[in-house]
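K.L.:
The structure is given below, and queries will be raised subsequently.
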Amino acid sequence: MKIIKFLLYYVLGLLGITVISAMPGLFTGGSFFNVSAFLSSWQGVMAALVQPSEWVYLFKGDPQPLIPYLWEPYTYSMTIFFAGILLGFGLAFLFAFGTMFLPKWAKQLLGQVLNTLESVPDLLLAFSMQLLVVWLYKQSNVIFLDFATVGQDKIYILPIITIAVLPLAMMYKIMLMLMDEEMTKSYVQMAKSKGMEKSVILNVHVVRNLVKSVFYNSKLMIWSTLSSLLIVEYIFNMNGITWAFLMDPRPLVTSFVLFMLFTPFFLIYQGTETFLFSDPKASDQLNTKMNQFMGSGMSSRKRNGLKYAVVEILAHFKNLKFLIGFLVITSMLVISFVYTATADPLIEKFTLVYEDDKLVSAPPHSPEFVFLGSDPVGFSILDQLLVGAKYTILFALAVAFLRMFVGFILAIPFAFFFPPKLQRFVEKGVDGMYFLPLTIVAYILLQPVLKMPMSGFETTVTERILYQGIILVLLVLPLVMTLFGNEMKLLMQEEYVVSSKVLGGSSVHLLWKHLLPHLSTRMGIVFGQQFIQTLLILIHLGVFKLFFGGTIIKPLDPPRSVTNEWSGIIGSSKDALMTGNWWYIIPALLCFMVLILSMQLIISGIKEVQQIRVGVPVERSTWWRKLLPNRTTQRYKPDVAPEPNDFVFTQGYPEERRKQG
């Protein structure tokens, strides 16, 4: 029975991939949502899959056998990917294990370094490594490492290091959190009482008990790193699976590329869960059904709920980390709106720069002549950053909010009204999304709409923005829904919720009074995480010249963004290294990094507020207090010294009272 379910989920995953591959058919012929063209494209893919003679790859118009042609770039990509994953995972385990023996200050320092490293976009990391190798070559005339491929050459070290950074940072935090939780359990306390050393407890007991939790948490790491693989291949000019996908983007080739990426991770994760790990959801039939759906007193709940929400939000501003992150993001928005309202022109164009009637610079201008430089056409990088900040930030906030809000709404029927079998079926289907690179799927769905055809756009900017927002929301919405649904099911097992159900509490009462207060913190954290992920997707799409609101393509000019948002600047990423014009993308990537760091501070502040509420001690950094003058408190000194007659001695007083009766 297990093997049948396993094969069923695999076939359903492959069918979903064919549907995604045929989605560009919705926009053929300049139409918008042409369903008949989509169905025709999908039927063509399905027909070609059952005819091996149709399995061909068109390399510059020359047909090649599809699977043999894709196999070499596929194995090259998977070698880089798995080597990076294993390197990052191994370093994360060593760092997390060693951190358990470090003092508190060293533990905090290492955590802050890795948090900062996690906030660095993969594009900036890869670009910085290339610049470092080039700088070392200029200083020593020695090429220590190959930083890009030429022809059929292959490089390994720099791509593997770049891939390993994200798993290192993510798995380090996860492993350290799980180890800290495990060290508080009763069996660890018993082992300590028997005199066992900490290293023995960690090796023999704790690490063994973390295997399953680390396995499940690694899905998110695989999902994020798969998208990074595409960027790494593009920046290092590798002839990997990304190159093969871009050279022949026909639906059949796209399907096979996604099949090859999907299959190994599905076999590893779903196979392990199905055949090695027991399924607790199948064995534990928990009663998570609500009582009657509606309850009384809805109007009072709305008024109290609004007051509770305002108080809940204001309470976080007392946290320094939350306040700093909020102020940085708000300041960026305010500066962008003020500049847009007052600047004329919005984006200044520098054609030629003269000094003392002598021509000193032509586009692209370096920062020596124009502050932060200009793009190849001559438009100021600084002006583009100022104008595009509001579009980048507001779009990421809107997408993150919709993912969080709609996912929470859909989680209610998923957790409380779906039958257990249907819940497990949905969860298995959603798990398959972890094994598809989000960047490739977004590129497939957005490229027909955002890239301007030669005849010009046939859609408005508003339509393209709405479509892009809807696609980016829908791609992650099932994952957020199941996340909130599982959180709700766990809360329904708590004693206070069970007691409220027994006493007849309605579903609205349970949701409003018991579940929502506990989920509010989780919702804030998910909102911050989705905001960061949206920014990274914008960066990745910018590398492939898909910009927010549309990409303007004109002869002899580089692609430009319709809205001048930040990812439009990143479209020149590969040219920036080849020409030495680093200012094309470094300022934009640093702005993205500041945004990500600010949201990480907000997430950290939300976690600290919640920990304080539940009684978990929070170690706060107080280094800034050393900068302030010390305040000395004077002890109270009486004006007159006390004398012996001022005291009453009670020794023997109880005995005298007993004698007197």
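K.L.:
For region 1-276, rounded, prolate or oblate, judged on the Cα gyration tensor with a ≥ b ≥ c (square roots of eigenvalues), a/c < 1.5 rounded, else prolate if a/b > b/c? Can you show the working numbers first?
P.N.:
Numbers: a/c = 2.65, a/b = 1.48, b/c = 1.79.
Here region 1-276 falls in the oblate category.
K.L.:
Next question, about the same structure. Label residue 377 and residue 152 with points 7 Å out from Cα along Cα→Cβ: what is the distance between them in nm?
P.N.:
So the label points at residue 377 and residue 152 sit 4.0 nm apart.
K.L.:
Oh, and also: So for region 172-251, averaging the separation of alpha carbon pairs under 8 Å that are six or more residues apart and normalising by length, what relative contact order in percent results? Mind dumping the intermediate values first?
P.N.:
On the way: 22 pairs, mean separation 19.3, N = 80.
So the answer I get is 24 percent.
K.L.:
Measure nothing fancy, just the Cα-based angle from helix 66-99's long axis to the longest principal axis of the chain, in degrees from 0 to 90, nearest 10.
P.N.:
Value to nearest ten degrees: 20.
K.L.:
Still on this structure: Give me the extension gain from residue 466 to residue 520: residue separation times 0.36 nm, minus the current Cα-Cα distance, reported in nm with one decimal. Let's see the in-between values first.
P.N.:
On the way: separation 54, 0.36 × 54 = 19.44 nm, distance 2.74 nm.
16.7 nm is the gain from fully extending residue 466 to residue 520.
K.L.:
Normalised by the residues of region 86-224, what does the relative contact order come to in percent, with Cα pairs under 8 Å and at least six apart? Mind dumping the intermediate values first?
P.N.:
On the way: 89 pairs, mean separation 46.2, N = 139.
Across region 86-224, relative contact order equals 33 percent.
K.L.:
Let me ask something else about it. Work through the residues other than residue 482 whose Cβ is under 9 Å from its Cβ and net out their charges, Lys, Arg +1 and Asp, Glu -1.
P.N.:
Working: positive: none; negative: 427, 431.
So the surrounding residues net to -2.
K.L.:
Compute the angle between helix 516-543 and the longest alpha-carbon principal axis of the chain, please, reported from 0 to 90 degrees and rounded to the nearest 10.
P.N.:
30 degrees
K.L.:
Tell me, what is the percent relative contact order of the chain, built from C-alpha pairs under 8 Å that lie six or more residues apart?
P.N.:
Numbers: 719 pairs, mean separation 106.5, N = 661.
Reported as a whole number, the value is 16 percent.
K.L.:
Number of Lys pairs in region 1-276 with C-alpha atoms less than 23 angstrom apart, excluding same-chain neighbours closer than eight positions?
P.N.:
Final tally of qualifying lysine pairs is 22.
K.L.:
Let me ask you something else. To the nearest 20 Debye, how big is the dipole of the chain about its Cα centre, given +1 on the beta carbon of each Lys and Arg and -1 on that of each Asp and Glu? Intermediate results must be reported in sequence, preceding the final value.
P.N.:
Working: 52 positive and 42 negative charges, 514 e Å.
The dipole magnitude comes to about 2460 debye.
K.L.:
Here's another thing I want to ask about it. Let's see if you can work this out: charge +1 on each Lys and Arg Cβ, -1 on each Asp and Glu Cβ, no other charges. What is the dipole magnitude of region 387-616 about its Cα centre, in debye to the nearest 20?
P.N.:
Numbers: 17 positive and 11 negative charges, 35 e Å.
Here the size comes out at about 160 debye.
K.L.:
Taking the Cα-to-Cβ direction at residue 102 and at residue 116 and moving 7 Å from each Cα, how far apart do the two end points lie in nm?
P.N.:
Here the modelled spin labels are 1.3 nm apart.
K.L.:
Hey, for a label at residue 219 modelled as a point 7 Å past Cα toward Cβ, could you say which residues of region 397-426 have their backbone N under 14 Å away?
P.N.:
Label zone hits: 423-426.
K.L.:
Still on this structure, I have one more. Take the solvent-accessible surface of the protein heavy atoms, probe 1.4 Å, and return the percent of it on the chain that carbon and sulfur atoms account for. Can you show the working numbers first?
P.N.:
Numbers: 22580 of 34880 Å².
Taking all protein chains in place, the chain shows 65 percent carbon and sulfur surface.
K.L.:
Excluding ligands and nucleic acids, what accessible area in Å² is computed for residue 582 using a 1.4 Å probe, to the nearest 10?
P.N.:
Counting only protein heavy atoms, the figure is 110 Å².
K.L.:
Something else about it: Given a 1.4 Å probe and heavy atoms of the protein chains only, how would you sort 94, 589, largest accessible area at the top?
P.N.:
Values: 94 110, 589 0 Å².
So the residues, ranked largest to smallest area, are 94, 589.
K.L.:
OK, next. Express in nm, to one decimal, how much length is gained between residue 310 and residue 426 on full extension, taking 0.36 nm for each residue of separation and deducting their alpha carbon distance.
P.N.:
Details: separation 116, 0.36 × 116 = 41.76 nm, distance 3.48 nm.
Separation in residues times 0.36 nm, less the Cα-Cα distance, equals 38.3 nm.
K.L.:
Report the Cα centroid-to-centroid distance between region 426-470 and region 70-137 in angstrom, as an integer.
P.N.:
29 Å
K.L.:
What FRET efficiency, computed as 1/(1 + (r/R0)^6) with R0 = 45 Å and r the Cβ-Cβ distance, is obtained for residue 405 and residue 355, rounded to the nearest 0.05?
P.N.:
Numbers: r = 55 Å, r/R0 = 1.21.
Working from the Cβ atoms, E equals 0.25.
K.L.:
Further question: Report the accessible area of residue 38, computed with a 1.4 Å probe over the heavy atoms of all protein chains in place, in Å² rounded to the nearest 10.
P.N.:
The accessible area comes out at roughly 30 Å².
K.L.:
Additional query: Using only protein heavy atoms and a 1.4 Å probe, report how much of residue 522 is accessible, in Å² to the nearest 10.
P.N.:
Estimated to the nearest 10 Å², residue 522 gives 70 Å².
K.L.:
Calculate, for residue 498 and residue 15, the FRET efficiency according to 1/(1 + (r/R0)^6) with r their C-beta to C-beta distance and R0 25 Å; round to the nearest 0.05.
P.N.:
Values: r = 40 Å, r/R0 = 1.61.
Efficiency, rounded to the nearest 0.05: 0.05.
K.L.:
From the protein chains alone at 1.4 Å, what is the descending order of accessible area for 518, 365, 509, largest first?
P.N.:
Numbers: 518 95, 365 0, 509 50 Å².
If we order 518, 365, 509 from most to least accessible, we get 518, 509, 365.
K.L.:
Which distance in nm do the two modelled labels at residue 86 and residue 554 give, with both placed 7 Å along the Cα-to-Cβ direction?
P.N.:
A separation of 5.1 nm, rounded to one decimal place.
K.L.:
Relative to the present Cα-Cα distance, how much length would full extension add between residue 417 and residue 198 at 0.36 nm per residue of separation?
P.N.:
Numbers: separation 219, 0.36 × 219 = 78.84 nm, distance 4.61 nm.
Net length gain for the segment: 74.2 nm.
The values are calculated or read from the model by the stated rules, or taken from the named source; none is laboratory data. Keep in mind the model is a prediction, meaning the values are calculated, not measured. Every residue, glycine as well, gets a Cβ built from its backbone with ideal geometry; the counts of neighbours run over all protein chains shown. Ligands, DNA and RNA are stripped out before the accessible areas are found, and what is left, the full protein with its side chains, is counted by its heavy atoms. Shrake-Rupley method; radii C 1.70, N 1.55, O 1.52, S 1.80 Å.
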